[in-house]
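Presented below is the structure to which this report refers.
The values are calculated or read from the model by the stated rules, or taken from the named source; none is laboratory data. From a predicted model like this one, the values you see are computed outputs, not experimental measurements. Here the Cβ positions follow ideal geometry from the backbone for every residue, glycine too, while neighbour counts run over all protein chains shown. With ligands, DNA and RNA removed, areas are computed over all heavy atoms of the protein, side chains included. Shrake-Rupley method; radii C 1.70, N 1.55, O 1.52, S 1.80 Å.
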Amino acid sequence: MALIALDCEGPITLNDNAYEFAAAIIPKGGEFFARISRYDDYLADVERRPGYKAGDTLKLILPFLKAYGATNRALREFSQKTLKVLPKAVETLKALNRLSPTFIISTSYRPYLEALCQVADFPLERVFCTEVDLEAVKIPPAEERELRRLCEEILALPLIEIPPGARGPSDLSAESRRALERLEEIFWKILPEMEAGRFLREVNPVGGAEKARAVEEALAETGSSAAEAIYFGDSITDTEALSLVREGGGGAVAFNANRYALKAAEFYVLSETAEPQRILSEAFVSGGREGLIGLSPGPNFEFGRIQHPSEELIRRSEAFRKGVRGEEIGALG
C-alpha cells in the first residue's frame, strides 16, 4: 500500500511558527531565533554531535519563551490567528487523504498542527509533531531575570557563519568561534543548572532522526515498505526522512527546499502552490518511483530528478523558497 508523508511548514504552510512566536514574545525574537537556528545547523550538520538532531532549536528557545511570559494558551491562540497555508494546500491534503494513507510529520509544536488540522479537516491521529507544555516548568523570578539577560547577550553575539565544507570550529571565522563558544556555555553548562533546563531534558522535537522514526512508525501502521512511501520535505529537519525513503526505493521529494533537503532527496519541485504534491503522489501511487522518473513538469511548476544537486539548482531553489515564504523564514535552515 502506498503511503504519503509530508512536512508541514513549507510543503503545506507558509509559516515558521516557532520563529514567529519567538518574534512576538521576545524583544527582537526573530533575530534571537535566527542565531539559535544557525547554532542548530552547526551542531546538526557540521559537528554532527551525537545525541543532537536538526530541529532541536524548538527546545533550546523554550527557556527564553518561558522567561518572557509564553503560555500554552498564548501559543495556541497565536497559532490559530497566524496560520497561513500554501495556496491549494487544503484541497491537496483532502485529495491526498482520498488517494492513500497520508501523514504529516512536523517539527512544529502541537498547537500549530492542531490549528492546521482544524482548518484542513485533517485527522490529528495521523500527525507527528513536537509535544510541549509551557506550564510544566515553573521558574523563579531571579532565574527569569537571568534568562532575559542571557537572551540579550545572545542577541549581541554575531550570527555564526558556516562556510561550505566546514567540519569543525577550526573552519569558522574568529567571530563565529567566539559566538559558538559562548552558546556552548549557555546551553550546556548554564541552562542545565536552572529550573528551565528541564525543557532541554524533557522536550523531544520531531526533527532529524525523529522524523525518520515517524516515517517508520507510519510504515508499520499501514503495513507498507519504504519503497511504497513518498515523502515531501524542505529543510535540514527532513534530511534523515528523505534519505530513508530514497535509500528504500521510494519517492524522496525536496519541495521548495534549501540545500540540506536537496542533498538528501532524489526529486525536486519548485511551486507557488501545493498542487504538485497531488500530481506527484498520483504518479507515485500508480507507478512507484518509476512513475516519478517518467513524470514531466507541469505548466505551473518545475520538477526534476536530482543526480547531484548543482550549485545552480541550490541557488535557484533557495531563492524560490525565499520568494514563496519570505526572506527571513526562507533563510532559516
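Worth pointing out:
- Leading residue at positive end of dipole, the chain (Cβ point charges), from Thr102, Gly207, Ala196: Ala196
- Fraction of the pair-distance distribution of the stretch 133-194 above 19 Å, Cα-Cα pairs, percent: 44
- For the stretch 92-140, the normalised intensity computed at q = 0.19, 0.30, 0.33 Å⁻¹ comes to -0.64, -1.16, -1.27 (log10 of I(q)/I(0), Debye sum over alpha carbons, equal scatterers, no solvent).
- Whole-number D in µm²/s for the stretch 30-114 (Stokes-Einstein; Kirkwood sum over Cα pairs; 4 °C, 1.567 mPa s): 84
- Selection from Phe21, Asn72, Pro50, by position along the positive dipole direction of the stretch 1-111 (Cβ): Asn72
- Apportionment of accessible area to carbon and sulfur, the stretch 228-333, percent (1.4 Å): 47
- Dipole of the stretch 1-151 computed with +1 at Lys/Arg Cβ and -1 at Asp/Glu Cβ about the Cα centre; of Leu150, Ala34, Cys129, farthest Cα towards the positive end is Leu150.
- The orientation-averaged projection of the convex hull spanning the C-alpha atoms of the stretch 55-164 amounts to 9.8 square nanometres.
- Taken over the chain, the convex hull of the Cα atoms encloses 121 Å³ per residue.
- Within the accessible surface of the stretch 153-222, defined with a 1.4 Å probe on protein heavy atoms only, the carbon and sulfur portion equals 50 percent.
- Count Lys and Arg as plus one, Asp and Glu as minus one, and take only other residues whose Cβ is under 14 Å from that of Arg145; the net charge is then -3.
- Under the convention that each Lys and Arg Cβ holds +1 and each Asp and Glu Cβ holds -1, the size of the dipole of the chain around its Cα centre is about 220 debye.
- The dipole here belongs to the stretch 81-139: it is taken about the Cα centre, uses +1 on the Cβ of Lys and Arg and -1 on the Cβ of Asp and Glu, and is about 260 debye.
- Listed residues Arg98, Arg213, Arg76, most fluctuating in the chain (Gaussian network, C-alpha, under 10 Å): Arg98
- Set of the stretch 80-114 residues, backbone N closer than 11 Å to the point 7 Å along the Cα-Cβ line of Asp121: 91, 94-95
- Portion, in percent, of the accessible area of the stretch 35-129 that falls on carbon or sulfur, probe 1.4 Å: 47
- Per residue, the stretch 172-264 exposes an accessible area of 38 Å² to a 1.4 Å probe, with every protein chain left in place.
- Highest-first arrangement of 30-42, 55-67, 132-144, 115-127, where packing means the average Cβ count within 10 Å: 55-67, 30-42, 115-127, 132-144
- The chain: relative contact order as a whole-number percent, Cα under 8 Å and 6+ apart: 22
- Among Asp238, Asp45, Asp16: highest mean-square fluctuation, GNM of the chain, C-alpha pairs under 10 Å: Asp45
- The relative contact order of the stretch 152-305 comes to 14 percent, based on Cα pairs under 8 Å that sit 6 or more residues apart.
- Glu152 sits with roughly 120 Å² accessible to a 1.4 Å probe, with DNA, RNA and ligands left out of the calculation.
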